[in-house]
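Some notes on the structure that comes next.
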Amino acid sequence: MILKQLPPVGISADDYEYVEATCREVLAGVRHSADDGTPLYFPGGEYEACWTRDFCYMVEGAGKLIPAEEIIAGIDYLLAGQREDGVMPDRVAADRTPAYLVFGEQPPTDNAQFMVKLVAACMELTGDYEVFLQRRDQLCDAMEQVPRTDDGLVRIDRNRPHSSYGFTDTVAKTGKVFFSSLLYWEAARKLAKLCAMAEYHDEAHIWYEQAEPLAQSLEQFYDDEYGLYRAASEDCTQLDLWGSAYAAVLRLGSKSQERQTGQFFCEVPEVSLWQGHVRHLPAGEYWEELLTDIEPETYQNGAYWAVPSGWVAQAMALHDESAAREFIADLLEVWRTEGVFECISPYTAPKGEGYAASAACLLGAVRPDRRLG
């Protein structure tokens, strides 16, 4: 199985070197030691634990800057916190205490997928099949506990709302939820590929059979009018800007759908983009239902983030490469003058200085182009 993605955006060699150096510096700043000496990578800012999804993004985007033995140690540190029922921890503290819940009575619906993606990224870096083989059962157990509908989509009961995708963990999306389902499709395909490469052909077939119909099911969220996907089927049926950009990167839809997504970001940047950062929803919109109070124009309810900036740039490049590079240049200007943050807003102070996933996700979405000045 070939897992195609959109290519990285070409930027000048100088800018690429700056992004890489910045990423290296940020990673050094978030590296800590657990009480038992295990090297851990915290997200940055005020976060004091190893988060499953954040560490995944660091390894996927900037794994070449992290020693392989530290990646494997971090994977096993997180896996040691897996519950007996298969639930992966949302995060694990320096004293090895795992946390499973954020808001609501159920765990977020993305940690199993991120654990699969993390192990897959590590194996791609090391070429060592044992990284996967020794952890295969735990990964499969985790994926099997994610709540899903008959058509394979990740679901959240409207009567028991809880966190979904971790970067919207304050948002009460209910019904079928898009981003976690997209991640499930991605992770199932990665599991199928890993099992096939390790010659576990029966298991590879099982995961392929889980992934294949999901692509069609995910089209339920697509809004032809805007060329974007919606976040959920019940509460918060709003346009999901992050999910739409990542769907384009993963080549979920048709080529025309991918181009339409890129065109949206290029032609109406004021609706969703500011200083190289990306809002969760179009400007002026706020989440219809929240799990905790978040003021409008702040954090996950209206601030602008750097984690999805690389995905947006990759989608934009399908429509206008120069616009994609200008968007990245805007982000780098903020980094050079103010620093790397989790999110920024025209109305409040930046949040989460030295946020590693911001830097790592951009590094994974760009490449040096010597033809550019």
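The figures follow:
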{"item": "FRET efficiency estimate (nearest 0.05) - Cβ-Cβ, Ala99 to Leu3, R0 22 angstrom", "result": "0.10"}
{"item": "For Thr52, Thr149, Thr337, order by how many other beta-carbon atoms lie within 10 Å, fewest first", "result": "Thr337, Thr149, Thr52"}
{"item": "Normalised contact order of segment 100-216, rounded percent, pairs of Cα under 8 Å and 6 or more residues apart", "result": "28 percent"}
{"item": "Top of Gly310, Gly81, Gly37 by mean-square fluctuation, Gaussian network on the chain, Cα under 10 Å", "result": "Gly37"}
{"item": "Ranked Asp169, Asp137, criterion: other C-beta atoms within 10 Å, fewest first", "result": "Asp137, Asp169"}
{"item": "Alpha-carbon centroid distance for the pair segment 64-99 / segment 18-32, whole angstrom", "result": "20 Å"}
{"item": "Residues with amide H under 5 Å from that of Tyr229, placed H, sequence gap 5 or more", "result": "Asp223, Asp240, Ser244"}
{"item": "Asp224 versus Asp137: modelled label distance in nm, points set 7 Å from Cα along the beta carbon direction", "result": "4.9 nm"}
{"item": "Answer label, with P(r) over Cα pairs in 10 Å bins from 0, in percent calculated from the coordinates and candidates [x] 4, 18, 18, 10, 7, 8, 10, 10, 8, 5, 2, 0; [y] 5, 22, 30, 24, 12, 5, 2, 0; [z] 5, 25, 37, 27, 6, 0", "result": "[z]"}
{"item": "The chain: relative contact order as a whole-number percent, Cα under 8 Å and 6+ apart", "result": "22 percent"}
{"item": "Exposed-site-free run, longest, the chain (rule: trypsin sites (Lys or Arg not before Pro); DSSP loop; at most 11 other C-beta within 10 Å)", "result": "5-369"}
{"item": "Residue exposure sequence - His277, His201, His32, His319 - by fewest surrounding Cβ within 10 Å", "result": "His201, His32, His319, His277"}
{"item": "Using a Förster distance of 51 Å, the FRET efficiency for Ser12-Tyr129 (Cβ separation, nearest 0.05)", "result": "0.85"}
{"item": "Interchain or long-range residues, amide H under 5 Å from Val9's placed H", "result": "Val366, Arg367"}
{"item": "Estimated FRET transfer efficiency (Ala283, Arg83; beta-carbon r; R0 51 Å; 0.05)", "result": "0.80"}
{"item": "Spacing of the two label points (7 Å from each Cα toward its C-beta) at Ala68 and Glu270, in nm", "result": "5.1 nm"}
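Each reported figure results from applying straightforward, stated rules to the coordinates on display, with no laboratory input. None of these values were measured; they are calculated from a predicted model. Reconstructed Cβ throughout: ideal geometry from the backbone, glycine too, with neighbour counts over all protein chains shown.
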